[in-house]
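Q: Have a look at the structure that comes next, please.
The values are calculated or read from the model by the stated rules, or taken from the named source; none is laboratory data. Predicted, not measured: the structure shown is a model, and the values here were computed from it. Here the Cβ positions follow ideal geometry from the backbone for every residue, glycine too, while neighbour counts run over all protein chains shown. Areas reflect the complete protein model, heavy atoms only, side chains present, ligands, DNA and RNA absent. Shrake-Rupley method; radii C 1.70, N 1.55, O 1.52, S 1.80 Å.
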Amino acid sequence: MSSKTSREKSRPEGLRLQTLAVRAAVERSQYGENSEALYLTSGYVQPSAEISARRFAGEEEGYTYGRSGNPTVTSFEQRLAALEGTEACMATSSGMSAIMLMCFSLLKAGDHVVYSQSLFGSTIKLIGSEFARFGVESTAVPQTDLAAWKQAVRPNTRLLFAETPTNPLTEVCDIAALADIAHNAGALLAVDNCFATPALQRPVDMGADIVMHSGTKYLDGQGRVMAGALCASEKMVLEKFLPVQKNSGMVLSPFNAWVVLKGLETLDLRMRAQSALTHELALWLQQHPAVARVHYPALADHPQHALAMQQMSGLGGAVLSFDVKATSPEQARARAFHVLDSLQTLSLCTNLGDTKTLLTHPASTSHGKLSEAQRQAAGIGQGLIRVAVGLEHPQDVQDDLARGLNTL
């Protein structure tokens, strides 16, 4: 297979993020294409039996089989690694497969994981339930409680895993502080960077060892394909992730890689524009009489506002959530459903990171598999609505939300 870390030879050092987002990729083919090529092939013709043997043995660079590598996938990996500031990247078929690959590669029976109780619901189920069947222990802690993270660490702790900002309450953790806790315990820190993306924050610059992405979200940016990735050191990617990926088949398809590769070209522009629109919507929702609370890092009353502005380039990202006013969980659920069912322009959709504004009810969708106790611990109430803001005109977004909010 081709190296996961090789760069286009003509690219100079020190290029800025916006330039890397459109330039980092494998070398052009003999045809000199300006837009990166899409290589739709499952196999590769070898120049000789001896070279084939060396490539399959990992002694020489070169592509051998679609499950082991593809030039289009490598371009995506190189581009995302360049944006995140890591030596290498491993692409996967989805964000959840990236987490699966990370855990399979780094953990064994008897190991222990400390993770935020505010992680994505499927991630909590994967680590807390599925991997528990194979003897991996885990402890969930409050996202923002550094003392709880430190107290949860054991001699067999191998991994700390956080998501910042979180889904859907936008809680922000101190990445540098968690990195210190992990490293002092001889463990690794992994950070889910889906909400902020490297356009707003680079966790490795603050000490994280692994950056996880669901490329389905903002990296693609238009809700077209599924994709995932792990960004880390070259040693970790080649020695830990690659062997497991080759044997398990958790690979990204070339077409999906090409789509996300092109999405990365506009990542910085989209994140800044959508962050500005989200901030404007958050301020409007704060003033609405039917809204109890708005959760958004760029708001001054957000519990981790100062930390978020420091870590996220002074922006809040493109996701917010809000609670409708209600006197009981039953009423809260009914009122949230009313707001969602009143939409005429915006989309009721569980994805995020699209150019279209998407709304969802976390308690019955993304976190629906959790117990009520787990949802309460994570702060997910029945009246909570998450809004992933797109690129529509802000007044049209407000008008559509007002249809339901004004009639509660």
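Q: Residues of the stretch 385-408 being open to solvent by less than 10 Å² (accessible area, probe 1.4 Å), touching a helix residue (DSSP H, G or I) at 6+ places or on another chain (Cβ under 8 Å) and either at pLDDT below 95 or closer than 19 Å to residue 287 by Cα (or both), which ones?
A: Passing the criteria: 385, 386, 387, 389, 397, 401, 404, 405.
Q: On to the next question. Please state which one of 86, 157, 166, 139 is open to solvent by less than 50 Å² (accessible area, probe 1.4 Å) and either touching a Pro at 6+ places or on another chain (Cβ under 8 Å) or without any contact (Cβ under 8 Å) to a residue 40 or more places away in the chain (or both).
A: 139
Q: Can you find, within the stretch 44-61, the residue that is least open to solvent (accessible area, probe 1.4 Å) among those that are among the small types (Gly, Ala, Ser) and farther than 17 Å from residue 245 by Cα?
A: 52
Q: Still on this structure, please answer the following. Is there a residue being closer than 30 Å to residue 298 by Cβ and either in contact with a helix residue (DSSP H, G or I) (Cβ under 9 Å, 6 or more places away or on another chain) or touching a residue at least 24 places away in the same chain (Cβ under 8 Å) (or both) anywhere in the stretch 232-242?
A: Yes, the stretch 232-242 contains a residue that is closer than 30 Å to residue 298 by Cβ and either in contact with a helix residue (DSSP H, G or I) (Cβ under 9 Å, 6 or more places away or on another chain) or touching a residue at least 24 places away in the same chain (Cβ under 8 Å) (or both).
Q: Right, next: Can you name the condition, by its number, that residue 81 falls short on among (1) over 21 Å from the mean Cα position of the chain (by Cα); (2) within 14 Å of residue 212 (Cα to Cα)?
A: Condition (1) is where residue 81 drops out.
Q: Still on this structure, please answer the following. Taking residue 122 as meeting all but one of (1) buried (at least 20 other Cβ atoms within 10 Å of the Cβ); (2) under 30 Å from residue 386 (Cβ atoms); (3) at pLDDT below 95; (4) not acidic (Asp, Glu), write down the number of the exception.
A: Against the list (1) buried (at least 20 other Cβ atoms within 10 Å of the Cβ); (2) under 30 Å from residue 386 (Cβ atoms); (3) at pLDDT below 95; (4) not acidic (Asp, Glu), residue 122 comes up short only on (1).
Q: Suppose the filter is open to solvent by less than 10 Å² (accessible area, probe 1.4 Å), small (Gly, Ala, Ser) and over 29 Å from residue 268 (Cα atoms); does residue 377 pass it?
A: No: the conditions fail for residue 377.
Q: If you don't mind, there's one more thing I want to ask. For the stretch 328-373, give me each residue that is closer than 17 Å to residue 223 by Cα, open to solvent by 20 Å² or more (accessible area, probe 1.4 Å) and under 20 Å from the mean Cα position of the chain (by Cα).
A: 349, 350, 351, 355, 356, 366
Q: Another one. Restricting the first residue to the stretch 92-111 and requiring it to be buried (at least 22 other Cβ atoms within 10 Å of the Cβ), which pairs with a second residue that is assigned to a helix (DSSP H, G or I) and small (Gly, Ala, Ser) meet a Cβ separation below 7 Å and a spacing of at least six or different chains?
A: Correct list of pairs: 92/98.
Q: Go through the stretch 385-396 and give me each residue that's in contact with an Asp or Glu (Cβ under 9 Å, 6 or more places away or on another chain) and part of a helix (DSSP H, G or I).
A: 394
Q: Can you tell me which residues in the stretch 234-271 are open to solvent by 40 Å² or more (accessible area, probe 1.4 Å) and of a type in the set (Gly, Ala, Ser)?
A: Within the stretch 234-271, 248, 253 meet the criteria.
Q: In this structure, is residue 382 part of a loop (DSSP other than H, G, I, E, B), over 30 Å from residue 175 (Cα atoms) and either open to solvent by less than 50 Å² (accessible area, probe 1.4 Å) or among the polar types (S, T, N, Q) (or both)?
A: The answer is no for residue 382.
Q: I'd like the residue in the stretch 287-301 that is free of Cβ contacts under 8 Å to residues at least 60 places away in the same chain and touching a Phe, Trp or Tyr at 6+ places or on another chain (Cβ under 7 Å) and, out of all such residues, is least open to solvent (accessible area, probe 1.4 Å).
A: Only one residue tops the list, namely 294.
Q: Between a first residue in the stretch 18-34 that is open to solvent by 50 Å² or more (accessible area, probe 1.4 Å) and a second residue that is among the β-branched types (Val, Ile, Thr), which pairs have beta carbons less than 9 Å apart while being 6 or more apart in sequence or on different chains?
A: So the pair list comes out as 22/266.
Q: Right, something else. Among the candidates 156, 193, 167, 184, single out the residue that is at pLDDT below 95 and either more than 27 Å from residue 299 (Cα to Cα) or not hydrophobic (A, V, I, L, M, F, W, C) (or both).
A: Details: 156 fails: at pLDDT below 95; 193 fails: at pLDDT below 95; 184 fails: at pLDDT below 95.
That would be 167, the only listed residue that is at pLDDT below 95 and either more than 27 Å from residue 299 (Cα to Cα) or not hydrophobic (A, V, I, L, M, F, W, C) (or both).
Q: Consider only pairs whose beta carbons are under 8 Å apart and that are at least six residues apart or on different chains; among these, list those whose first residue lies in the stretch 388-403 and is on the phi < 0 side of the Ramachandran plot and whose second residue is of a type in the set (Lys, Arg) and buried (at least 19 other Cβ atoms within 10 Å of the Cβ).
A: 391/270
Q: Could you tell me which numbered condition residue 263 fails, if it satisfies all but one of (1) over 30 Å from residue 63 (Cβ atoms); (2) free of Cβ contacts under 8 Å to residues at least 60 places away in the same chain?
A: Exception for residue 263: condition (1).
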